[in-house]
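Working notes, structure below.
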Amino acid sequence: EPEVTQTPSHQVTQMGQEVILRCVPISNHLYFYWYRQILGQKVEFLVSFYNNEISEKSEIFDDQFSVERPDGSNFTLKIRSTKLEDSAMYFCASTLTTGFNSPLHFGNGTRLTVT
Amino acid sequence: KNQVEQSPQSLIILEGKNCTLQCNYTVSPFSNLRWYKQDTGRGPVSLTIMTFSENTKSNGRYTATLDADTKQSSLHITASQLSDSASYICVVSALSGYALNFGKGTSLLVTP
């Protein structure tokens, strides 16, 4: 069964550095998402992306965050200047449609540790 | 504010037993409710999706119910297996927007 893949599985970076988290969504999917999960807390929505533009973003997704689909297969999340509180598991997800019965397929996440 | 509350926070049961997890939500206007299973260190995996017109849906040993009037859902697991040990997350979507509203999950441990 096709799956969403994310790389790297674990990223350690120093505060203030830029990081890029990479995702390859399922090939025929059209809608892409980033979520994050701080350790011990619930999954939080960051951003949704469709037709090469952001369709919705949360309060968490401030000017330090950006997303890109550079080549038609990869979907990236960039954090320009990481903060300690950015440490979390970041999940990429994709779906074929936003219809009622369209499940969201998640990758296994990238654990970001900011030191 | 859209909220999703789950109970219990954690649960331990013996292998072979049944259990029921609860979800209450205040998301409005309601679109659909999903139950996900999240193994430790992995991404959530969809178990069921229900719209307002559905009040029960099964996926193998998992049966979800939905009462859109009281804004409550439950996930019933029958004949539990050790591999059912995971976090079970209730996720509610509003009609407007793409964002999903996640509950904190119920951590289930199935012991031999």
Dividing the Cα convex hull volume of the protein assembly as shown by residue count, how many Å³ per residue is that?
-> 123 Å³
Of A:Tyr31, A:Tyr90, A:Tyr50, the one that fluctuates the most in a GNM where chain A has Cα springs shorter than 10 Å = A:Tyr50
Give the relative contact order (percent, whole number) for segment B:24-99; include only Cα pairs under 8 Å separated by 6+ residues.
-> 40 percent
Express in whole angstrom the spacing between the alpha-carbon centres of segment B:1-75 and segment A:34-60.
-> 21 Å
Over chain A, what relative contact order in percent results from Cα pairs under 8 Å that are six or more residues apart?
-> 39 percent
Charge sum, other residues only, whose C-beta stays under 15 Å from A:Gly40's C-beta, Lys/Arg counted +1 and Asp/Glu -1 = +2
Find the relative contact order for segment A:1-42 and round it to a whole percent, using C-alpha pairs within less than 8 Å whose residues are 6+ positions apart.
-> 41 percent
The protein assembly as shown: Cys lacking any partner C-beta under 4.7 angstrom = B:Cys19
Charge dipole (debye, nearest 20) of the protein assembly as shown; +1 at Cβ of Lys and Arg, -1 at Cβ of Asp and Glu | 300 debye
In nm, to one decimal, how far is the modelled label at B:Leu11 from the one at B:Thr111, with both set 7 Å along Cα→Cβ?
-> 1.7 nm
Over chain B: Kirkwood hydrodynamic radius from C-alpha pairwise inverse distances, Å = 13.9 Å
Assuming R0 = 22 Å, can you tell me the calculated FRET efficiency for the pair A:Thr98 and B:Asn55, based on Cβ-Cβ distance, to the nearest 0.05?
-> 0.45
Size descriptor, Kirkwood hydrodynamic radius, that averages inverse alpha-carbon separations across chain A, Å | 14.1 Å
Reachable lysines, given that their alpha-carbon falls under 23 Å from the alpha-carbon of B:Lys57 and they are not under 8 places away in the same chain | B:Lys17, B:Lys37, B:Lys71, B:Lys104
Would you work out which of A:Val47, B:Ser10, A:Thr7 lies farthest towards the positive end of the dipole of the protein assembly as shown, given +1 charges on the beta-carbon of Lys and Arg and -1 on that of Asp and Glu, about the Cα centre?
-> B:Ser10
Applying 1/(1 + (r/R0)^6) with R0 = 35 Å to the Cβ-Cβ distance of A:Asn51 and A:Lys78, what FRET efficiency is obtained, to the nearest 0.05?
-> 0.95
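Each value in this text was obtained by applying a stated rule to the coordinates, not by laboratory testing. Model, not experiment: these values are computed from the prediction. Cβ: placed from backbone, ideal geometry, glycine included. Neighbour counts: every protein chain shown.
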